[in-house]
Amino acid sequence: MKKIIYILISVLMVSLSACKTDAKKAVNGKLNVVTTTTMITDLLQNIGGNTINVVGLMGSGVDPHLYKASEGDVTKLVNADVVFYGGLHLEGKLVEVFEKMERTGKKTIAVSDTLNKKELIGSEYFASNYDPHIWFNVTFWKQITTYVTNELKKADPKNAAVYEQNSKKYLQELTKLDAEVREKINELPQDKRILVTAHDAFNYFGASYNFNVVGLQGLSTATEAGVQDVQELSKFIIENKVKAIFVESSVPKRTIEALQASVTSKNHDVAIGGTLYSDALGDKGTVEGTYIGMFKYNVTTIVNALK
């Protein structure tokens, strides 16, 4: 990883000194934007539309906590006019890359910077001391939408009206999403709102919609669940009569299968209620491949399995 960082910074310095970034932008007149997670990629595509070129570093099913920059990423980042990433150490060691890029003159933006830190959930697993899974709070995502829109307008003033119009439309869609999600969740009694997943990616979701969220691995998938963790959580599931537990698309399913086996060994049945999208969206071209589609899919899966 350190080797890639040094290569990236060296190439960036040469590129910037040669003023190649502006030349690349002038080829088609569009802003070249690089994003990290699929959620951020989807957001930029909604705001920028056909006015910008968006290249995402991470695809569906990719765990941002463990992601390592490749040599191919170096080229993508060098060609970028602006880089948008999550921040709060969501992207692990990539944050070091972005911070060094910023010092070379390349514009890098952590979308979480716009949020009030007092409203974030604390975390001992990240250097930022905050839970970085902020996309599961729709209100936060709306704030981030506005922030990203303003940054695009600064970077590309001539298309400011387009970004503003697209942003307004998308904010309306997010408001509708929140209302639909709440309506669906109201089908589930409060005593059944216990969400057990592979890792604690859903704490903002739980806080927004009154779920007790328990993750087997903690907030970061970089930490492995031990035998004691499995035993304690299986006991919790039995005591609270939890009907179903959930796999995550970006986390190996063996962790949840081990938990299910532990519960079964204690003469209690718990189903695997389905696969949830936590740190990455679904495949491109599917409903789950968009932020709004992913959110609806997750909620429907959760509610139907826990009823």
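Using the heavy atoms of the protein chains alone and a 1.4 angstrom probe, what is the accessible area of region 223-307 per residue in square angstrom?
Per-residue accessible area for region 223-307 comes out at 48 Å².
Radius of gyration and Dmax for the chain's Cα atoms, expressed in Å?
For the chain, the Cα-based Rg and Dmax read 20.4, 68 Å.
Based on the Cβ-Cβ distance of residue 207 and residue 66, what FRET efficiency does E = 1/(1 + (r/R0)^6) give at R0 = 22 Å, to the nearest 0.05?
Efficiency computed from Cβ-Cβ geometry: 0.30.
Accessible area per residue of region 23-166 at 1.4 Å probe, in Å²?
Details: 5840 Å² over 144 residues.
On a per-residue basis, 41 Å².
Taking the Cα centre of the chain as the origin, how large is its charge dipole in debye, to the nearest 20, when only Lys and Arg (+1) and Asp and Glu (-1) carry charge on their Cβ atoms?
Details: 35 positive and 34 negative charges, 146 e Å.
Charge dipole, the chain, about its Cα centre: 700 debye, nearest 20.
Please grab the % of Cα pairs in region 116-275 that end up more than 19 Å from each other. Before the final figure, lay out each step's value.
Values: 8003 of 12720 pairs.
Distances greater than 19 Å cover 63 percent of the Cα pairs.
Once you place label points 7 Å from the Cα toward the Cβ at residue 139 and residue 286, how far apart are they in nm?
Here the answer is 3.2 nm between the modelled labels.
Taking a probe of 1.4 angstrom, what is the accessible area of residue 75 in Å², to the nearest 10?
80 Å²
Charges at C-beta only: +1 for Lys and Arg, -1 for Asp and Glu. How large is the resulting dipole of region 97-143 about its Cα centre, in Debye rounded to 20? Walk me through the numbers on the way to the answer.
On the way: 7 positive and 6 negative charges, 54 e Å.
I would put it at about 260 debye.
What shape does region 206-295 take by its C-alpha gyration tensor, where a ≥ b ≥ c are the square roots of the eigenvalues and a/c under 1.5 counts as rounded, a/b above b/c as prolate, and the rest as oblate? Walk me through the intermediate numbers first.
Working: a/c = 1.92, a/b = 1.74, b/c = 1.11.
Judged from the Cα gyration tensor, region 206-295 comes out prolate (a/c at least 1.5, a/b above b/c).
The values are calculated or read from the model by the stated rules, or taken from the named source; none is laboratory data. What you are looking at is a predicted structure, and each value in this text was computed from that prediction instead of being measured. FYI the Cβ positions are ideal-geometry reconstructions off the backbone, even for glycines, and counts take in every protein chain you see. For accessibility, only protein heavy atoms count, side chains too; no ligands or nucleic acids. Shrake-Rupley method; radii C 1.70, N 1.55, O 1.52, S 1.80 Å.
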